[in-house]
Amino acid sequence: MTSQRFLTGITTSGTPHLGNYVGSIRPSVRASQRADVQSFYFLADYHALIKVEDPARIQRSTLEIAASWLACGLNPERVTFYRQSDIPEIPELTWFLTCVLGKGVLNRAHAYKASVDKNTAAGIDPDADVSAGLFMYPVLMGADILMFNAHKVPVGRDQIQHIEMARDMANSFNHRYGEHFVPPEAEIEESVATLPGLDGRKMSKSYDNTIPLFAPRAQLQKLIGGIVTDSRAPGEPKAVEGSALFQIYQAFATPAETDSLRQAYADGIGWGDAKQRLFERIDQEIAPMRETYLALLADPAKIEHTLLAGAVKARALATPFMGALRQAVGLRDLRSTDQAVSTKAAKVERPLFKQYRESDGQFYFKLLDAQGQLLLQSLGFATPREAGQAIAQLKAEGAAALAALGAQLQPVNTEAQAPLEAALKALREGD
Ligand code: TRP
């Protein structure tokens, strides 16, 4: 079995904080050490241009995030670690995908819709202050993923819709031009805690409640001193439920250490002492990496070199793949004749499933015979995945699946039954 490809990007728009570390950097570095996984990690600096207008900040953030990954143990020899803007094939693929994706799908993207809803509520133009880049964000992200045919994309819940859109792009392209892309899947890390920030809400730049991952010791101690607590005095028992301090501790400590702090809460530990324990525990894990981080920051040439080497590795895959995709869509050397036959004409020699989305937002499929005549039409499915599963069942079980799927299909009239069964049989034998 070939190994699974995992791919993760981080937008280079700020300084990494403890929430990024616990939620993304630490689990990804661990995953990258697994032998059965081939990982791709990249700095999403094209994505950063959508939200950051300050060039110095983009450059600084790229340096800081790259140094953080490396300091936290990412081994660029084992994984492919690169900067998005070093791979010109990615914006090229973005355009190909732009041309196969329905605009309506982008209209329904959460981030875009949130801006539109906000503007509408404020009574101003729905698209006020919305750049075309924000609108196109999911397509660029789709290109990131499909460029390397990643199977799994570890993401937070807020990104699931983007992965579904990438599947949509992969399927649309494949239906038009043949099987080139693996439809990716989101890998949701249920076990990874969202870390609370200083004010108890989720640690996030937009709440201004973060602790920078590599804050110097003194600053770390001071920030931890500012974590919200209740007003219970030393000696009074404290509740661990809803305690941001306790949750952050838990993200760093062993189960035994966590139990010991739980006991200390019950015994009435003072908040000052509890904060000191948290500070020492975090610093114990971070301090060795902080030294590496500072050394890396002081040597940008070394990081630049690492990223360029990563780009060479990434482009060794991307350049030939993009070449094949250019061929597939018809951007070809005019002298080549062997490719001049339409892939469409070649494909209709066999019955063909087509999957698509309607303006009602539902997902459908149909089966066409070799001449393009309709043999079978589905009803609407809520997700592309369910439609895909029904197709898979028809491909695997042939006509036997028709009865089981009956409620999701348009009725087939009697004279169409025989050609339909023949087509399903041909598909089964062909695969
Ligand atoms: N959208 C992601 C974020 O906001 C960053 C990102 C860009 C990404 N391209 C990606 C993540 C591809 C996974 C795969 O964090």
Answer with one residue from A266, G235, A218: the one whose Cα lies farthest towards the positive end of the charge dipole of the range 214-291, charges on Cβ with Lys, Arg +1 and Asp, Glu -1. A218
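In whole percent, what relative contact order does the chain give with Cα contacts below 8 Å and a gap of six or more residues?
Dividing the mean separation by the residue count of the chain yields 14 percent.
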D333 and N107 label points (each 7 Å along its Cα→Cβ direction) are spaced in nm at 4.3 nm
FRET efficiency, 1/(1 + (r/R0)^6) with R0 30 Å, evaluated for Q159 and A128 via beta carbons: 0.75
Percent RCO, i.e. relative contact order, over the range 214-291, from Cα pairs under 8 Å lying at least 6 residues apart: 42 percent
With axes computed from alpha carbons, what is the tilt in degrees of helix 132-147 against the longest principal axis of the chain, rounded to the nearest 10 within 0 to 90? 80 degrees
Could you pull out the pairs from K113/K152; K118/K366; K152/K202; K51/K152; K205/K275 whose alpha carbons sit more than 29 Å apart here? K118/K366
If you take the C-alpha gyration tensor of the chain, multiply each eigenvalue by 5 and take the square root, what semi-axes do you get, largest first, in whole Å? 47, 27, 21
For the range 300-310, what does the Karplus curve 6.51 cos²θ - 1.76 cosθ + 1.60, with θ = phi - 60°, yield as ³J(HN,Hα) per residue in whole Hz, taken in order and with x for Gly and Pro? x, 4, 5, 5, 4, 4, 4, 5, 5, 5, x
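Given an 8 Å cut-off on Cα distances and at least 6 residues of separation, report the relative contact order of the range 34-178 as a percent.
25 percent
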With θ taken as phi - 60° and the coefficients 6.51, -1.76 and 1.60, list the Karplus ³J(HN,Hα) couplings across the range 373-387 in order, rounded to whole Hz; mark glycine and proline as x. 7, 5, 10, 8, 10, 7, 8, x, 10, 6, 10, x, 5, 5, 4
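Based on the Cβ-Cβ distance from R262 to Q219, what FRET efficiency comes out when R0 is 25 Å, to the nearest 0.05?
0.35
Return T306, T8, T254 ranked ascending by Cβ neighbour count within 10 Å, so the fewest neighbours appear first. Display every interim value, and only then the final one.
On the way: T306 21, T8 25, T254 10.
Ranking T306, T8, T254 by Cβ neighbours within 10 Å, fewest first, gives T254, T306, T8.
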Any idea which of F148, Y356, A109 is furthest toward the positive side of the dipole for the chain, if Lys and Arg beta-carbons carry +1 and Asp and Glu beta-carbons -1? F148
Per-residue Cβ contact counts at 10 Å, fewest first, order W95, W69, W271 as W95, W271, W69
With a 10 Å Cβ neighbour count serving as the proxy for reagent exposure, in which order, fewest first, do S204, S39, S260 appear? S260, S204, S39
Value of [θ]222 nm, deg cm²/dmol, for the chain, DSSP H segments ≥ 4, -39500 (n - 2.57) each, nearest 500: -16000 deg cm²/dmol
Total charge dipole magnitude, the chain, about the Cα centre, Cβ charges on Lys, Arg, Asp, Glu only, Debye to nearest 20: 440 debye
How large is ³J(HN,Hα) for each residue in the range 71-77, as worked out from phi by the Karplus curve 6.51 cos²θ - 1.76 cosθ + 1.60 (θ = phi - 60°), to whole Hz, x for Gly and Pro? 5, 7, x, 5, 9, x, 6
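Read-outs: derived from the displayed coordinates by stated rules, not from any lab. What you see is a predicted model; the values in this text were computed from it and never measured. Please note: Cβ atoms are built from the backbone with ideal geometry, for glycine as well, and neighbour counts cover all protein chains shown.
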